[in-house]
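Below is one structure, written out as structure tokens, with a few remarks after it.
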Amino acid sequence: MRCEEEIKAMAERLSKIAWWNRHKLLEEEGILEDCEPSIRKEAIEKAKEIEKEIPLEELTMSDEDWSITLGKYSAINWVLGSPWEGSMDEGSLKASINLRMIHQHK
């Protein structure tokens, strides 16, 4: 069995991957342009930090990989104590799924 520290580290990594993908979708949709300049700047800086930490090959993913990543993140949150129904709420992952689906249909 993996130790709690290792599980939490993976949860953090998956959270960053999910955040980065959500950020890129917002960027592609032009939604970031509507944000306050300070918020947009902060988001761009955070995305760059994540890109330095995690290889781009792990960040960019197919729809299938995206679904698997969200499933892993949900399962890890459940293991760490989140209720199953709320295991994907952290970081608005449900919203990111919807945004990805909207983006695909354009």
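The values are calculated or read from the model by the stated rules, or taken from the named source; none is laboratory data. Since we're looking at a predicted model, the values are computed, not measured. FYI the Cβ positions are ideal-geometry reconstructions off the backbone, even for glycines, and counts take in every protein chain you see.
Of all residues in the range 11-20, which are touching a residue at least 40 places away in the same chain (Cβ under 8 Å) and exposed (fewer than 15 other Cβ atoms within 10 Å of the Cβ)? Quick ask: steps written out before the conclusion?
Initially, the range 11-20 is screened for residues touching a residue at least 40 places away in the same chain (Cβ under 8 Å), giving 11, 13-15, 17-19.
The answer is none; no residue qualifies.
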Note to self: Show me the helices (runs of 4 or more DSSP H) entirely contained within the chain in which 1 or more residues are at pLDDT below 85.
What the structure shows: 93-104
Check: So, of the residues in the range 27-60 that are among the hydrophobic types (A, V, I, L, M, F, W, C) and in contact (Cβ under 8 Å) with a residue 40 or more places away in the chain, which turns out to be nearest to Ile17 (Cα to Cα)?
Finding: Leu59
Next item on the list: Just need a number here: residues in the range 46-88 that are among the hydroxyl-bearing types (Ser, Thr, Tyr), surrounded by 13 or more Cβ atoms within 10 Å (Cβ to Cβ) and over 12 Å from the mean Cα position of the chain (by Cα).
Entry: 2
